[in-house]
Amino acid sequence: MYLGPGAVVEPTAAVGPYAVIGAGVRVMPWARVERSIVGRAAVIGAHSQLKGAVVAEEARLDSYATLEENVVVGERVHLGFGAHLFPGTRLCKDVAVQPGGRVYAHQVNQPPVHRQTVS
């Protein structure tokens with residue numbers, strides 16, 4: 001496990017081996033990060049789970065978000081409460097997933113002109 005400068009992992013959060021937590025990242029209570037990379041200044045919400053995922057800089061995962069194996073989340077992506085990204089999902093930067101949204105290997109290839117919402 002690697003924790004970057006200024007990263008904060010709440011005492012009840014679990015960060016497993018092979019996890020990389022970037023500078024200024026916040027991992028909130030009861031979140032789990034396993035075999036994942038979390039970029040600078042991202043926020044991992046309470047009770048969220050990452051298993052073999054990549055989260056880019058300044059992304060925000062609200063509480064109870066789930067990222068499964070081989071998920072990649074781009075810069076400044078916002079995942080709403082309880083959003084679930086299934087294996088192989090790729091979201092480019094500036095995408096938002098609505099609360100409770102389920103995304104199955106959905107790929108946004110180009111950055112949207114306006115913030116795009118996926119449900």
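What number, in nm² with one decimal, is the all-direction average of the projected area of the convex hull of the alpha-carbon atoms of the chain? Can you show the working numbers first?
Numbers: hull surface 23.6 nm².
If you wrap the Cα atoms of the chain in a convex hull and average its projections, you get 5.9 nm².
Here the extension length gained between Phe81 and Glu34 equals 14.9 nm, from 0.36 nm per residue of separation less the Cα-Cα distance. About its Cα centre, the dipole of the chain is roughly 80 debye, where the only charges are +1 on Lys and Arg Cβ and -1 on Asp and Glu Cβ.
We did not get these values from a lab; they are worked out from the coordinates using the rules stated. Owing to the predicted nature of the structure, the values given are computational and were not obtained by experimental measurement. All Cβ positions, even for glycine, are placed from backbone atoms using ideal geometry, and neighbour counts span all protein chains on display.
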